[in-house]
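Written out below as structure tokens is the structure these notes cover.
The values are calculated or read from the model by the stated rules, or taken from the named source; none is laboratory data. The structure presented is a predicted model; accordingly, all values stated were derived computationally and were not measured. Virtual Cβ from ideal backbone geometry, glycine too; neighbours counted across all protein chains shown. We work out accessible area using only protein heavy atoms, side chains counted, and drop any ligands, DNA or RNA first. Shrake-Rupley method; radii C 1.70, N 1.55, O 1.52, S 1.80 Å.
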Amino acid sequence: MNALAEGLISRFEKREAQVGIVGLGYVGLPLAVEFADEGFSVIGFEVSESKVKSVNQGRSYVGDVPSDRLAACVGAGRLEATLDYGRLGEVDAICICVPTPLNKTGDPDVSYIISVTESIRKTIRAGQVIVLESTTYPGTTRELMLPALSDDGRLEVGEDFFLAFSPERVDPSNPVYGIRNTPKVVGGISEACCEVARALYSTVIEKVIVVGSTEAAELTKLLENTFRSVNIALANEMSIVCDKLGVDVWEVIEAASSKPFGFMKFTPGPGLGGHCIPVDPHYLSWKMKTLDYKTRLVELASEINAEMPRYVAEKAADLLNAQGKPVKGAMVLVVGAAYKRDTADTRESPALDIIQLLAGKGAQVSYHDPLVPSLAHEGQDLESVPLSEALLAESDVIVIVTDHSAIDYNLLRRCGQPILDTRNVMGRKGSPAVAAARVG
Ligand SMILES: NC(=O)c1ccc[n+]([C@@H]2O[C@H](COP(=O)([O-])OP(=O)(O)OC[C@H]3O[C@@H](n4cnc5c(N)ncnc54)[C@H](O)[C@@H]3O)[C@@H](O)[C@H]2O)c1
């Protein structure tokens with residue numbers, strides 16, 4: 001390792017380095033606060049003016065970052081947010097946490113990574129380490145970022161600047177695992193790139209695992225999320241199988257989980273949401289298509305999971321039909337709009353599709369979510385309605401989509417209306433069983 005690399009590592013160890021976080025969202029803001037809390041001077045780079053303003057006023061918009069913690073970092077002058085990309089040259093380390101969604105045709109959209117790389121190219125200097133954290137297809141760091149940062153021949157990777165990939169593993173609202181105690185995988189373009197990136201993350205993360213290449217690190221993340229997509233797809237398919245066999249899928253999964261080896265419990269549900277599990281497997285299958293290989297299992301799992309909202313809407317229609325009621329004009333209450341429990345994130349949430357499908361059949365659909373006060377989706381603007389006996393009494397069917405802890409399930413238990421419980425929250429141990437229809 002050369003003096004530049006050693007110098008950087010020593011500045012990390014002494015907490016003297018300046019850290020830049022590009023993209024202050026669900027991933028970037030918690031990371032920025034973690035580094036600031038560790039004593040580093042941190043600059044957050046954003047394109048959203050409102051987020052820059054909120055951060056600099058110490059007002060958090062991410063559930064996992066309490067405002068008082070953010071305010072303390074900003075107040076101490078250790079964290080500031082900016083729209084000024086010219087300042088990228090000031091920082092010693094740059095962690096990139098920008099979105100990697102799918103475009104309209106369902107293919108990877110790496111335009112955010114490209115635009116950030118272009119901004120870094122304009123200010124890059126010797127002695128900087130750049131780490132891509134956004135989930136992406138294997139090869140992005142080496143094939144897309146490296147040429148843009150080094151093609152002018154001014155700086156050499158692994159000698160003058162350092163480039164690595166380190167997947168983000170944040171699990172929003174996870175009560176046990178946060179940034180510090182979730183092991184971090186790092187893969188660099190060169191050995192020096194690995195060592196410098198390892199030294200950076202070792203300042204805020206207990207365990208850092210170095211893999212042999214940026215591609216291995218990129219693929220690690222895709223495997224983690226595709227593993228979930230495939231196993232959730234199996235659980236979803238099992239719920240349809242059980243429904244057709246008249247067997248309780250939750251009982252079957254609970255029983256199978258009693259096996260102390262060789263089985264891992266996954267549960268069915270209304271469909272996947274968020275920007276990770278429904279999206280990331282497509283990054284893998286797209287990349288493999290460019291190499292003329294079809295990832296059949298990966299794609300099939302995505303298909304099965306994507307069909308679940310429609311299956312849920314059909315089950316709700318069945319429940320209405322059992323009462324002799326048409327969907328058209330029926331009062332349908334959707335409980336939960338966020339894509340998962342105890343988060344306000346509605347991105348790609350199955351609730352959005354279920355609401356749209358039932359409204360599309362003429363149902364009067366309202367929703368209740370204590371964490372999501374309003375919803376705007378495909379031209380529909382909805383406000384969360386408070387849960388009340390009156391509301392439940394006038395609902396022809398109630399569909400539980402998100403099992404937030406803050407929902408009053410006793411009120412639901414007492415209402416006596418048909419309930420489609422896609423999360424089995426009503427049947428969970430310790431809660432008296434009710435005649436709630438469940439998915440599967
Ligand atoms: N949210 C999660 O649970 C999670 C978990 C693991 C991995 N990831 C991955 O992390 C990445 C970021 O996800 P997220 O959930 O934080 O997204 P997000 O949308 O919450 O945040 C991304 C932020 O980047 C900003 N941004 C966009 N373009 C920018 C640019 N050119 N320069 C600077 N900022 C820009 C946006 O304004 C936004 O604030 C994605 O690749 C995602 O797949 C997310």
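Laid out as a table, the results:
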read-out: Globularity ratio of the stretch 56-96, using Cα Rg and 2.2 N^0.38 Å; value: 1.29
read-out: Charge dipole magnitude, Cβ of K and R +1, D and E -1 - the chain, Cα centre, debye nearest 20; value: 780 debye
read-out: Computed magnitude of the charge dipole of the stretch 3-212 (debye, nearest 20; Cβ of K, R +1, Cβ of D, E -1); value: 380 debye
read-out: Scaled radius of gyration (Cα, divided by 2.2 N^0.38 Å) that the stretch 229-437 gives; value: 1.05
read-out: Structure-based [θ]222 nm, the chain - -39500 (n - 2.57) summed over DSSP H runs of at least 4, per residue, nearest 500; value: -11500 deg cm²/dmol
read-out: By accessible area with a 1.4 Å probe, ligands and nucleic acids excluded, highest first: order of ASP151, ASP318; value: ASP151, ASP318
read-out: Lysines with Cα under 24 Å of LYS259, excluding same-chain neighbours fewer than 8 positions away; value: LYS429
read-out: Proximal lysines relative to LYS325, as straight alpha-carbon distance under 22 Å, when same-chain residues fewer than 8 apart are discounted; value: LYS315, LYS361
read-out: Entries of LYS53/LYS340; LYS104/LYS287; LYS14/LYS207; LYS265/LYS340 with Cα pairs more than 21 Å apart; value: LYS53/LYS340
read-out: Cα-based Rg of the stretch 1-147 normalised by 2.2 N^0.38 Å, two decimals; value: 1.05
read-out: Furthest towards positive pole of dipole, HIS275, PHE165, MET264, structure part the chain, Cβ charges; value: MET264
read-out: Residue-normalised accessible area of the stretch 229-437, given per residue in Å² at a 1.4 Å probe; value: 48 Å²
read-out: Under 18 Å from LYS328, Cα to Cα: aspartates and glutamates that are on another chain or at least 8 residues apart; value: GLU314, ASP318, ASP353, GLU394, ASP396
read-out: Simple label model, 7 Å out from Cα along Cβ direction - LYS244 to MET1, nm; value: 5.7 nm
read-out: Most fluctuating residue given options PHE261, PHE227, PHE12, as computed from a GNM of the chain linking Cα atoms under 10 Å; value: PHE261
read-out: Mean Cβ count within 10 Å, highest first, over the residues of peptides 194-201, 108-115; value: 194-201, 108-115
read-out: Highest-MSF residue in the chain out of TYR409, TYR293, TYR61 [GNM, Cα springs under 10 Å]; value: TYR293
read-out: Only Lys, Arg (+1) and Asp, Glu (-1) charged, at Cβ; the stretch 179-227 dipole about Cα centre in debye; value: 220 debye
read-out: Charge dipole of the stretch 149-228 about the Cα centre (unit charges at C-beta), most positive-ward option of GLY178, ALA199, ASN225; value: GLY178
read-out: The chain: most fluctuating residue of VAL247, VAL157, VAL116 per GNM, C-alpha cutoff 10 Å; value: VAL247
read-out: Percent carbon-and-sulfur accessible area, the stretch 1-146, ignoring ligands, DNA and RNA, probe 1.4 Å; value: 51 percent
read-out: Positive-pole candidate from GLY86, VAL27, THR123, dipole of the stretch 3-212, charges at beta carbon; value: VAL27
read-out: Pairwise FRET efficiency - ASP68 versus VAL252, Cβ, R0 = 41 Å, nearest 0.05; value: 0.35
read-out: Kyte-Doolittle mean at least 0.0, axial Cα span of 24 Å or more - DSSP H helices of the chain; value: 214-245
